[in-house]
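Undergrad: Structure below; questions to follow.
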Amino acid sequence: MSDLPNEKMPVRSHLEELRTRLVRSLVAVGLGMALCYYFREELMAVITRPLVAVMPKGTHLVFTGLPEAFLNYLKISFFSALVLTAPYILYQLWKFISPGLYVSERKYVLPFVLSSTILFAGGVLFGYFLVLPPAFSFFMQFSTDFLRPMLSLREYLSFALKLLLVFGIVFEIPVVIFFLSRIGVVNPRMLSRQRKYAILLIFVIAAILTPTPDAFTQIMMALPMMVLYEAGILVARWGERRARRQDQ
């Protein structure tokens with residue numbers, strides 16, 4: 001069997017394949033969401049724990065609209081379903097892009113799914129344990145006997161879930177760099193030469209993606225992104241060496 005990518009598919013076939021993968025992913029997320037909604041109280045307790053731990057005594061999270069609590073439960077269930085079904089979604093992504101890979105590379109579906117899932121989960125856990133608690137502790141220190149917080153559940157979830165999702169996505173940098181190098185958009189030498197510009201761009205991206213303008217959150221996002229950028233260079237070099245051996 002030839003170790004070359006499949007012949008180019010018509011645009012219509014690509015769109016049909018994309019639709020199939022999207023539908024399967026959405027069905028999986030829908031089923032996961034139904035399961036997570038059953039455990040909505042437990043998930044609510046987990047996701048609000050970093051804030052509740054530093055809230056002044058006697059304060060509570062509040063909701064200000066009749067459907068707000070229900071909608072926030074749905075939001076938590078949806079986010080939890082994304083984390084739960086991430087391996088299946090990533091598998092569908094692999095099946096969509098695999099026709100453009102070498103035959104010998106398509107067998108790496110398991111390493112791809114595992115590494116991408118671990119990186120995504122690692123990003124979410126990094127944000128949950130290392131970013132949210134000190135950030136909330138910093139913000140809540142401005143509470144006084146005169147100035148008391150009235151914390152909205154909707155605003156808290158909008159901030160926390162967005163931040164955790166962003167961390168999960170940016171932790172996929174090594175995987176993204178690997179595929180960009182495989183299709184010839186970047187290469188390890190170029191990435192190394194442009195490191196100083198990449199660092200500047202990383203801080204700009206961190207400033208844009210973080211839900212709040214505080215420097216702490218931006219730095220806590222930029223630092224792992226720089227480490228992941230270096231990891232992406234190493235992965236790209238590994239992929240380049242494998243490609244050379246296959247061409248020989």
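Taken together, the values in this text are just the output of simple stated rules run on the coordinates, not laboratory data. The shown structure was predicted, so the numbers you read here are calculated from the model rather than taken from an experiment. For neighbour counting, all protein chains shown are included, and Cβ atoms are generated from backbone atoms with ideal geometry for every residue, glycine included.
Undergrad: Tell me which lysines have Cα within less than 30 Å of LYS75's Cα, excluding those fewer than 8 residues away on the same chain?
TA: Of all the lysines, those that pass the test against LYS75 - Cα under 30 Å, at least 8 places apart if same chain - are LYS57, LYS95, LYS162.
Undergrad: Based on Cα positions only, what radius of gyration and what Dmax would you give for the range 1-140, in angstroms?
TA: Over the range 1-140's Cα set, Rg and Dmax evaluate to 20.3, 69 Å.
Undergrad: Give the Cα extents of the range 207-248 along the principal axes, in whole Å, largest first.
TA: Rounded to whole Å, the extents work out to 52, 14, 7 Å.
Undergrad: Follow-up question, since we're still on this one. Quick one: order TRP238, TRP94 by neighbouring beta-carbon count within 10 Å, fewest to most. Walk me through the numbers before you get to the answer.
TA: Working: TRP238 13, TRP94 18.
Going from sparsest to densest Cβ surroundings: TRP238, TRP94.
Undergrad: Which ³J(HN,Hα) values, rounded to whole Hz and listed in residue order, are derived for the range 66-82 from phi using the Karplus coefficients 6.51, -1.76 and 1.60 in 6.51 cos²θ - 1.76 cosθ + 1.60 with θ = phi - 60°, glycine and proline given as x?
TA: With the stated coefficients, the range 66-82 comes to 4, x, 5, 4, 4, 5, 6, 4, 5, 5, 5, 5, 5, 4, 5, 5, 4 Hz.
Undergrad: Follow-up question, since we're still on this one. Arrange the peptides 119-127, 195-203, 58-66 so that the one whose residues have, on average, the most other Cβ atoms within 10 Å appears first.
TA: 119-127, 195-203, 58-66
Undergrad: Mind sorting out which of [x] 11.9; [y] 14.2; [z] 16.3 is the real mean projected area of the Cα convex hull in nm² computed from the coordinates?
TA: [z]
Undergrad: Hey, another quick one. Enter the angle in degrees (range 0 to 90, nearest 10) between the Cα long axis of helix 109-126 and the first principal axis of the Cα atoms of the chain, meaning the one along which they spread out most.
TA: 20 degrees
Undergrad: Under a 5 Å amide H to amide H cut-off, with H placed in plane at 1.01 Å, what residues pair with SER152 once short-range neighbours are removed?
TA: Distant-sequence amide H within range of SER152: VAL62.
Undergrad: If packing is taken as the mean number of other Cβ atoms within 10 Å per residue, what is the order of 159-168, 177-186, 206-215, highest first?
TA: So the order, starting with the most tightly packed, is 159-168, 177-186, 206-215.
Undergrad: Also, I was wondering about something else. Which three numbers, in whole Å and largest first, are the semi-axes of the equivalent ellipsoid of the range 172-248 derived from its Cα gyration tensor as √(5λ)? Each step should come with its number before you reach the end.
TA: Values: eigenvalues 167, 22, 17 Å².
So the equivalent ellipsoid measures 29, 11, 9 Å along its semi-axes.
Undergrad: Positive end of the dipole of the range 172-248, charges at C-beta (+1 Lys, Arg; -1 Asp, Glu), about the Cα centre: which of ILE208, LEU228, ASN187 has its Cα farthest in that direction?
TA: Comparing the listed Cα positions along the dipole, ASN187 ranks first.
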